[in-house]
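Have a look at the structure below before the remarks.
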Amino acid sequence: MRSLARTRQSRAPCLTSVPSGGTGGSRHHPAAVHQNGPVDLIEALRTTGATREFTDRPVRDAVVARILDTARFAPSGGNAQSWRVVVVKDPELRVRLRELYLPGWHDYLAMGAAGLRPWAPLNDRAAEAAALASVPPEVSAAAGQGFAAHLDDVPVLLVVFSDLTALAAVDRDLDRYSFAGGASVYPFVWSMLLAARAEGLGGVLTTMLVRREDEVQRLLGAPRSWAVAAVVALGYPAAPPARLRRRPVAAFATVDRIDGPPLAETASPVMESDR
Ligand SMILES: Cc1cc2nc3c(=O)[nH]c(=O)nc-3n(C[C@H](O)[C@H](O)[C@H](O)COP(=O)(O)O)c2cc1C
């Protein structure tokens, strides 16, 4: 591990032990993911990416329960904890969820191939419709492969609902797309993924099934007031994660105004002066 990280470990909180055969490594932060010991929190935040390929190794219910037991400490507006989780084990339900997922995945790829940001709230709907009307065959073919095509096979499949009667959607009445309510459930989902990482698991948060909320609610017996927030796949990763690619701080943080000077980039996430 780099000397900085070693120094950090003495002050940063740690995630729990990574069991042997854990998450696999990041080329960028090898020590954080290969060691069988505490995972430095900063390292985990910088190296926990989306995992969509898993080994066949089953994940015990006790492990899933531990993950949820840690994630439940996530923050939520008014501490309302609006989340509800269904662990989907029934093979028929899983197949049905996959079938509901695939059309959305197809449309996502089709819009992306047409140069659109799929379903961006401000998208030109006519441009979206045009993209979906003439999907290149290779895009359609790609949509039937990979993670989406095997969604029913993932070791753990969790559907996360959010009780709309408990959400503080403070932007509800603004004349724009409302998203503040999601902030009361997605930290919980992210905590699940970090807690999973600490158990040696990988996973991915997906939202494609939100498009088919009606059917998902009916399939799993959820009331209309429980919005589908996410479907999370978890399992033991089949391969070490790739290095994460993210924009640097200076590309998104400015001082005083949106057009102000970029916040000076630090050489590292923790400076000596922060101690
Ligand atoms: C709100 C949200 C929705 C997402 N929906 C999906 C999805 O439906 N399907 C999927 O495969 N990945 C989904 N992802 C995973 C993203 O594709 C992934 O986080 C992003 O590409 C960064 O990947 P990386 O961390 O491996 O670099 C979603 C992630 C977030 C945060």
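Out of (1) touching a Phe, Trp or Tyr at 6+ places or on another chain (Cβ under 7 Å); (2) over 24 Å from residue 120 (Cα atoms), what's the single condition that is false for residue 240?
Condition (1) is where residue 240 drops out.
So residue 192 fits all but one of (1) more than 23 Å from residue 103 (Cα to Cα); (2) in contact (Cβ under 8 Å) with a residue 40 or more places away in the chain; (3) surrounded by fewer than 17 Cβ atoms within 10 Å (Cβ to Cβ); what number is the exception?
Looking at each condition in turn, residue 192 falls short on (3).
Filtering the range 226-254 down to residues that are away from the ligand (no atom under 16 Å from the Cβ) and closer than 30 Å to residue 94 by Cβ, which residue is surrounded by the most Cβ atoms within 10 Å (Cβ to Cβ)?
Among those that are away from the ligand (no atom under 16 Å from the Cβ) and closer than 30 Å to residue 94 by Cβ, it is 226.
When only residues in the range 255-269 that are modelled with pLDDT of 60 or more and among the aliphatic types (A, V, I, L, M) count, which is surrounded by the most Cβ atoms within 10 Å (Cβ to Cβ)?
Per the criteria, the residue is 263.
Could you say whether any residue in the range 109-122 is basic (Lys, Arg) and in contact (Cβ under 8 Å) with a residue 60 or more places away in the chain?
The answer is no, given that none of the residues of the range 109-122 is basic (Lys, Arg) and in contact (Cβ under 8 Å) with a residue 60 or more places away in the chain.
Tally up the residues in the range 179-207 that are aliphatic (A, V, I, L, M) and near the ligand (Cβ under 10 Å from one of its atoms), please.
So the count comes out to 4.
Of everything in the range 147-168, what is outside any loop (DSSP other than H, G, I, E, B), of a type in the set (A, V, I, L, M) and away from the ligand (no atom under 14 Å from the Cβ)? Give them in sequence order.
Across the range 147-168, the qualifying residues are 156, 164, 166.
Go through 75, 103 for me and flag whichever is surrounded by fewer than 18 Cβ atoms within 10 Å (Cβ to Cβ) and in a loop (DSSP other than H, G, I, E, B).
Selected residue: 75, the only one of 75, 103 that is surrounded by fewer than 18 Cβ atoms within 10 Å (Cβ to Cβ) and in a loop (DSSP other than H, G, I, E, B).
If residue 101 satisfies every condition in (1) more than 13 Å from the ligand (Cβ to nearest atom); (2) touching a residue at least 24 places away in the same chain (Cβ under 8 Å) but one, which is the exception?
With respect to (1) more than 13 Å from the ligand (Cβ to nearest atom); (2) touching a residue at least 24 places away in the same chain (Cβ under 8 Å), residue 101 is out only on (1).
Evaluate the following for residue 124: is it closer than 28 Å to residue 190 by Cβ and acidic (Asp, Glu)?
Taking the combined requirement at face value, the residue does not satisfy it.
So how many residues does the range 201-246 have that are in a loop (DSSP other than H, G, I, E, B), in contact (Cβ under 8 Å) with a residue 40 or more places away in the chain and within 14 Å of the chain's Cα centre (by Cα)?
2
So, in the range 208-219, how many residues would count as being surrounded by 17 or more Cβ atoms within 10 Å (Cβ to Cβ) and either within 16 Å of residue 185 (Cβ to Cβ) or away from the ligand (no atom under 16 Å from the Cβ) (or both)?
Residues flagged as surrounded by 17 or more Cβ atoms within 10 Å (Cβ to Cβ) and either within 16 Å of residue 185 (Cβ to Cβ) or away from the ligand (no atom under 16 Å from the Cβ) (or both) within the range 208-219 amount to 5.
Is at least one residue of the range 51-62 at pLDDT 95 or above, aromatic (Phe, Trp, Tyr), within 16 Å of the ligand (Cβ to nearest atom) and closer than 24 Å to residue 146 by Cα?
Scanning the range 51-62, I find at least one residue that is at pLDDT 95 or above, aromatic (Phe, Trp, Tyr), within 16 Å of the ligand (Cβ to nearest atom) and closer than 24 Å to residue 146 by Cα, so the answer is yes.
Before we move on, is residue 167 touching a residue at least 24 places away in the same chain (Cβ under 8 Å), farther than 30 Å from residue 45 by Cα and of a type outside the set (Ser, Thr, Tyr)?
Judged against the criteria, residue 167 is not a match.
The values are calculated or read from the model by the stated rules, or taken from the named source; none is laboratory data. Only a predicted model underlies this, so the values are computations on that prediction, with no experimental measurement involved. Every residue, glycine as well, gets a Cβ built from its backbone with ideal geometry; the counts of neighbours run over all protein chains shown.
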